[in-house]
Amino acid sequence: MTPASRFLPLLFLLGCRPPSADAHVQIAAERAVVYTTAESTGLRLTPTDTLLFKPSEPTSEGKVYVFVDPRKTFQPFLGIGGALTDAAAETFAKLPAARQDELLQAYYSTDRGIGYTLGRTNIHSCDFSSESYTYVNEGDKELSSFSIAHDLRFRIPLIRRAMATSGNRLKLFASPWSPPAFMKDNNDMLHGGHLRPDFARSWALYFTKFIKSYREAGVPVWGITIQNEPMATQTWESCVYQAQDERDFLKNHLGPVMLQQGLGDVNIIVWDHNRDLIIQRAQAIFDDPEAAKYVWGIGFHWYEDWSGGQQMYGNVALVHRLYPHKHILFTEGTPASFDSTAYGRWGLGEAYGRSMINDFNSGTEGWTDWNILLDERGGPNQVGNFCFAPIHADTRTGKLIYTNSYYYIGHFSKFIRLGARRILASPSRSMLLTTAFVNEDGTVAVVVMNPTPRGGPYSLAVGSMSVEISSRPHSIQTVVFKAR
């Protein structure tokens, strides 16, 4: 049985309308469907219970609760997805046709898969490319040699198929890892360095040529980030922008050039690095009206805990409070360095669940994983920086390997749809992590994660009604119902 065939249609719950502003929350359909993924079981996004809502008993300190209120709404939902890199595309091309179709359905179909609606791709090469390359000849400041011919072989065909499978709902944003070497002060695409001021306009025009070329190839680009990880000096493609550098490049070059080239509809995302320094970057750019007017929002990654510290979810929440009119998007995360013996490591999925719940509760609107697909070595990767993906392909056998990360992400992306809004959801005990959204059709999806080795019951309470649910050790559940 393939993972896609495990999915059953959501139970159709009748007699409902979207949540109202009435003082009392009512359960419209009287029942909730529970989907479960749990360690040491065969449960993978499996419907495990259909439960009836009943009048709640008086609360007790001896019980565990998850309180949900669909009347209390927060930020809109933009989508969930992953990166369509050179590595993903090259690996995909090696798969048999049947496995290619399976992968596309597993990610981009709502009925047979987990319904991805976001995608990220690289502007020329990154570490997850087989080689370093650009779209122009060395030294071509006028960009007269610009060509995306490299991407037409593997990457663009994959993106087109992903978009088609999603019903053309996929929003794609693109990120550069470095300008071409001749545009940098270290004359090297690798090892950090800085954009040379005399090449700033040329580099801004490079973005516009990329967007227009992709559109001509049948791939609309919804957004761009200015620089992947602008504070990192890496052994692969990288370029350093201090906060004022990114601000000035945006307001003096990239923003005006995008407008001049008729690309004002393409969303510009700043930062695209970790939560630790997100406050400083937001202040530097959003507090400058001439820079802020070009910005859709701010993107971030999760790698600030590399030295054993904590993930800084509170910094994201603070940006949301300080700049409520700017959007927040998670743009990259991968849980661990690759180890072929650890496909079944349960912590891979839990890393996603923990981050997604906390990030959405902090005001994040969309969440983008790193590579959608990698090979049996965790690559290809030009510098040996191998890592995990939710799905791996053994290119020797054509087999697809689904890690539990795929299912953890699916507990969000399969049930929370475009146009949803986050709603109030709060657990009464710290053993549980939870977030919840209401879709436009009134369907509520409550995600409840138990990252502990202890199972136990909890009461999911909505207004005066509740259902009793059993939480398994190291599990994640999505509870689906309708409310009004």
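The values are calculated or read from the model by the stated rules, or taken from the named source; none is laboratory data. Predicted model only: the values in this text are computed from it and were never measured. Note that each Cβ is placed from the backbone with ideal geometry, even for glycine, and that neighbours are counted across all protein chains shown.
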Just to be sure, is A317 surrounded by fewer than 19 Cβ atoms within 10 Å (Cβ to Cβ) and modelled with pLDDT under 95?
no
Is at least one residue of region 186-200 modelled with pLDDT of 95 or more, in a loop (DSSP other than H, G, I, E, B), closer than 20 Å to S129 by Cβ and hydrophobic (A, V, I, L, M, F, W, C)?
yes
Of the residues in region 63-83 that are under 30 Å from T395 (Cβ atoms) and of a type in the set (A, V, I, L, M), the one that is surrounded by the fewest Cβ atoms within 10 Å (Cβ to Cβ) is I80
Any chance region 88-110 includes a residue that's outside the structural domain of L45 (by TED's automatic domain parsing), on the phi > 0 side of the Ramachandran plot and not aromatic (F, W, Y)?
no
In region 84-105, how many residues are within 16 Å of R396 (Cβ to Cβ), aliphatic (A, V, I, L, M) and surrounded by 18 or more Cβ atoms within 10 Å (Cβ to Cβ)?
1
Per the filter on region 294-335, residues in a loop (DSSP other than H, G, I, E, B) and among the aromatic types (F, W, Y) are Y294, W296, W302, W306, Y323
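Filter region 443-484 down to the residues that are in a loop (DSSP other than H, G, I, E, B) and modelled with pLDDT of 95 or more, then identify the one that is surrounded by the most Cβ atoms within 10 Å (Cβ to Cβ).
It comes out as H474.
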Taking the condition in contact with a Ser or Thr (Cβ under 9 Å, 6 or more places away or on another chain), of a type outside the set (V, I, T) and within 24 Å of R169 (Cα to Cα), does W367 pass?
yes
Please give the strands (runs of 3 or more DSSP E) falling wholly within region 336-426 in which 1 or more residues are among the polar types (S, T, N, Q), buried (at least 23 other Cβ atoms within 10 Å of the Cβ) and in contact with a Phe, Trp or Tyr (Cβ under 7 Å, 6 or more places away or on another chain).
366-371
Give me the pairs: first residue in region 147-166 and in the same structural domain as L104 (by TED's automatic domain parsing), second residue buried (at least 20 other Cβ atoms within 10 Å of the Cβ) and hydroxyl-bearing (S, T, Y), beta-carbon distance under 6 Å, and six or more apart or on different chains, which are they?
S147/Y135; I148/Y135; A162/Y108; T165/Y108; S166/Y108
Residue under question is R161, and the condition is that it be more than 24 Å from the chain's Cα centre (by Cα) and among the basic types (K, R); does it hold?
no
Go through region 306-361 and report how many residues are of a type in the set (D, E) and out of contact with any helix residue (DSSP H, G or I) (no Cβ under 9 Å at 6 or more places or on another chain).
1
Taking the stated definitions as given, is E102 within 24 Å of S426 (Cα to Cα) and either out of contact with any helix residue (DSSP H, G or I) (no Cβ under 6 Å at 6 or more places or on another chain) or in contact (Cβ under 8 Å) with a residue 60 or more places away in the chain (or both)?
no
Look through region 427-442, keep the residues that are small (G, A, S) and more than 21 Å from the chain's Cα centre (by Cα), and return whichever of them is surrounded by the most Cβ atoms within 10 Å (Cβ to Cβ).
G442
Result of the Cβ filter at 6 Å on region 338-364, keeping first residues that are over 24 Å from M312 (Cβ atoms) and partners that are hydrophobic (A, V, I, L, M, F, W, C) and in a loop (DSSP other than H, G, I, E, B), at least 6 apart or interchain, is F338/F386; F338/F388
Going by the conditions given, is R201 surrounded by fewer than 17 Cβ atoms within 10 Å (Cβ to Cβ) and not aliphatic (A, V, I, L, M)?
yes
Among residues belonging to region 106-134 that are touching a residue at least 40 places away in the same chain (Cβ under 8 Å) and closer than 19 Å to W203 by Cα, point out the one that is surrounded by the fewest Cβ atoms within 10 Å (Cβ to Cβ).
S132
For Q242, the lone unmet condition from (1) farther than 19 Å from R201 by Cβ; (2) in contact with a strand residue (DSSP E or B) (Cβ under 7 Å, 6 or more places away or on another chain); (3) not charged (D, E, K, R) is (2)
Selected residue (criterion: surrounded by the fewest Cβ atoms within 10 Å (Cβ to Cβ)) from residues of region 135-165 that are of a type in the set (A, V, I, L, M, F, W, C) and farther than 16 Å from K212 by Cα:
A164
Counted residues in region 166-192 being surrounded by 21 or more Cβ atoms within 10 Å (Cβ to Cβ) and of a type in the set (S, T, N, Q) come to 3
Of the candidates Q234, Q311, the one satisfying the condition of being modelled with pLDDT under 95, of a type outside the set (S, T, Y), in the same structural domain as G193 (by TED's automatic domain parsing) and surrounded by 16 or more Cβ atoms within 10 Å (Cβ to Cβ) is Q311
With criteria (1) touching a residue at least 12 places away in the same chain (Cβ under 8 Å); (2) farther than 29 Å from I159 by Cβ, H325 comes up short on (1)
Could we say that M431 is in a loop (DSSP other than H, G, I, E, B) and aliphatic (A, V, I, L, M) here?
yes
If I filter region 179-198 for residues that are among the aromatic types (F, W, Y) and within 16 Å of D86 (Cβ to Cβ), do I get at least one hit?
no
